[in-house]
1. Which one is right for this structure if semi-axes √(5λ) of the Cα gyration tensor in Å is calculated from it: (1) 29, 26, 16; (2) 32, 19, 18; (3) 25, 19, 18?
2. Pop a pseudo-label 7 angstrom from the Cα along the beta-carbon direction at both residue 174 and residue 9 and give the gap in nm to one decimal.
3. Take residue 185 and residue 27, extend 7 Å from each Cα along the Cα→Cβ direction, and tell me the distance between the two endpoints in nm.
4. Which of 202, 184 has the fewest other C-beta atoms within 10 Å, and how do the rest follow up to the most?
5. At residue 101 and residue 45, where each label point lies 7 Å from the Cα along Cα→Cβ, what is the point-to-point distance in nanometres?
6. Rounded to the nearest 0.05, what FRET efficiency do residue 167 and residue 18 give with R0 = 35 Å and r taken as the Cβ-Cβ distance? Could you check?
7. Once you've got the GNM for the chain with C-alpha springs shorter than 10 Å, pick whichever of 35, 54, 125 has the biggest mean-square fluctuation.
8. Quick one: go through region 150-190 and flag any residue whose amide nitrogen is under 19 Å from the point 7 Å out along the Cα-to-Cβ line of residue 77.
């Protein structure tokens, strides 16, 4: 288990949620088998979706492939130092419109929510396989969508880098430091309410308080 987990308030979570964290230093020599790639995609496939609509598309970007080259060419400066080292990167897209016209009706009112669930399932499946996953959005969305041939009915959303932790000595100091940042979350009282918005917030230590 990584030294990054568990953090305070995460001790009671089930695996693989308990030990999940977003690694930035990957072993650039590591590759996943076809079976491992399929298992990760199956995890996304079986995520909940509104009425089984499954409004997601995933692009698989393995180092050495054309899709990976397309991705690397459009990464932001901050992500170009670590994303290419991952064993695979998945790019997510949502089916947001029923037609290619800008005013076409929505394909699903919950497409973004469902894609998020598919990404979460893939991320947790990766952790259960001894891998780490790091979600990111730092890339030129329009240029990469064009390079991938994403139609107007779909919206390119995020990337999910997956792989094994690597040697910090093989990356620049800034990238290596990313894996040693304190992991802190907002308290429950900032976002969980038992009343109207902002009212009767759930306190941290709810189980101990008897509230």
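Every number here is computed from the coordinates shown, using simple stated rules; none is lab data. None of the values given here were measured: they were computed from a predicted structure. Please note: Cβ atoms are built from the backbone with ideal geometry, for glycine as well, and neighbour counts cover all protein chains shown.
1. Identified label for the calculated read-out: (1).
2. If labels sit at residue 174 and residue 9, their model points lie 3.0 nm apart.
3. Result: 2.8 nm between the two label points.
4. 184, 202
5. 3.5
6. Approximately 0.90, to the nearest 0.05.
7. Among 35, 54, 125, the largest GNM mean-square fluctuation belongs to 35.
8. Correct set: 172-178.
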